[in-house]
Amino acid sequence: MAEQLKVYHLPTCSTCKSAIKALKQQGYELELQDIRTTPPTEEELSKLIPLSGLAIGKWFNVSGEVYREMGLKDKLSTMTDEEKIQLLSTNGMLIKRPIVTNGNKVSIGFREQDFGPMWYNS
């Protein structure tokens, strides 16, 4: 039986589409969640971020329109981790995407070389 992965994505995002296609080709079953209509909750983010091994700042979509409009480049350095998680949970467009997880490992963004065969199975 193929392992199931949860993918937080934006249906119109070409990077997300590429990631989903690559994962399907590797035989994964995918549970897709639209990050714009249903962003991860604070509770989900509090679990996912440590599993990624990345700092919270790396979770922000710094090239996104919403990030720029909110002036977050200058604001993030003065925010607590809790405030950053709360902000990410309120607007999925602030989050770098896609987020892919099997519950034990998490990746954000998509670089095909990082999605090696069965990366999530270990």
Answer yes or no as to whether residue 81 is surrounded by fewer than 19 Cβ atoms within 10 Å (Cβ to Cβ), modelled with pLDDT under 95, among the acidic types (Asp, Glu) and more than 18 Å from residue 109 (Cα to Cα). no
Only helices (runs of 4 or more DSSP H) wholly contained in the range 7-74 count here; list those with 2 or more residues that are surrounded by 12 or more Cβ atoms within 10 Å (Cβ to Cβ) and among the charged types (D, E, K, R). 14-25, 42-52
Determine which member of the set 63, 89 is of a type in the set (Gly, Ala, Ser) and at pLDDT 95 or above. 89
Somewhere in the range 106-115, is a residue at pLDDT 95 or above, buried (at least 17 other Cβ atoms within 10 Å of the Cβ) and of a type in the set (Phe, Trp, Tyr)? no
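The values are calculated or read from the model by the stated rules, or taken from the named source; none is laboratory data. If you're wondering where the values come from, they're calculated on a predicted model, not measured in any experiment. Positions of Cβ are backbone-derived with ideal geometry, glycine not excepted, and every protein chain shown enters the neighbour counts.
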